[in-house]
Amino acid sequence: MSVQPVIELADVDLTLGQGAARVHVLKGVSLSIRQGETVSLLGPSGSGKSTLLMTLAGLERPDSGSVRIDGNDLGALSEDALARFRGEKIGVVFQSFQLIPTMTALENVAIPLELRGKSDAFDIAAAELAAVGLGHRLSHYPAQLSGGEQQRVALARALAPDPIILAADEPTGNLDSETGSAVIDLIFAQQARRGATLVLVTHDATLAARCGRRVRLRSGRIEADMTENAR
């Protein structure tokens, strides 16, 4: 395991919105995460936890401070280079699934790989969907799938490039508790199997406690950083 942090944020500030709607979301956030760690980001609504996740995933650029992923300074990358880097290194799972409704489950997972030049994109996609229990649903469209199945497609899409980081933003927020629990078990099982780093936004304390480390935010700052043995 590398001693070098796989995620390193230093004094990150970020303001979102325009004019009177501008909000100072992140305020001097510094955070270091090692490869293979499981980290939950907790905090009340508006604390900045989802924005912090999007920033370390390269989906938001900070106003100041630095974000380094696997030793690479994201601020030094062009938009195209950042998109390529993110596609290879970081898998993101959103609360709202964000599947393309006109594509089958297989296509939703395969097309991003194909666009990055993977000649075996559809074989990889089929294997990833089988790994999340959807080998029998490859040709189904999102509207033909349950919420839990759609989130599993989204998870397969995030994991297909074999990223070093899996970023999950309230992945069970649109699911009932039983379905959500099954999806979370799958996320942790896949993280452990691959040795990926998991960063998970949640306000479910029980779910947060499954992570080896809990980072609590309040008003855009890190309020507490707690490490314990993951269950």
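Over the range 172-222, accessible surface divided per residue gives 45 Å², non-protein components excluded, 1.4 Å probe. Contact order, relative form, for the chain: 27 percent (alpha carbon pairs under 8 Å, 6 or more residues apart, mean separation divided by residue count).
Largest first, the extents of the alpha carbon coordinates of the chain on the three principal axes equal 47, 44, 39 Å.
The phi torsions of the range 155-165, fed into the Karplus equation with coefficients 6.51, -1.76 and 1.60 and a -60° offset, translate into couplings of 5, 4, 4, 5, 8, 4, x, 6, x, 7, 10 Hz, rounded to whole numbers, with Gly and Pro shown as x. Using only side-chain charges placed at the Cβ, +1 for Lys and Arg and -1 for Asp and Glu, the dipole size of the range 139-231 relative to its Cα centre rounds to 320 debye. When a 1.4 Å probe is rolled over the protein heavy atoms, the share of accessible surface on the chain that falls to carbon and sulfur comes to 48 percent.
Each helix, a run of at least 4 DSSP H residues, gives -39500 (n - 2.57); summed and divided by the residues of the chain, these come to -10000 deg cm²/dmol at 222 nm. Note down the relative contact order for the range 1-43 as a percent, whole number, built from C-alpha pairs under 8 angstrom at least six residues apart. Computed value for the range 1-43: 44 percent relative contact order.
For the range 58-79 versus the range 187-231, the inter-centroid distance based on Cα atoms is 22 Å.
The values are calculated or read from the model by the stated rules, or taken from the named source; none is laboratory data. The model shown is predicted, which means the values in this text are computed figures rather than measured ones. FYI the Cβ positions are ideal-geometry reconstructions off the backbone, even for glycines, and counts take in every protein chain you see. Accessible surface is based on the protein model in full, side chains and every heavy atom, while ligands, DNA and RNA are left aside. Shrake-Rupley method; radii C 1.70, N 1.55, O 1.52, S 1.80 Å.
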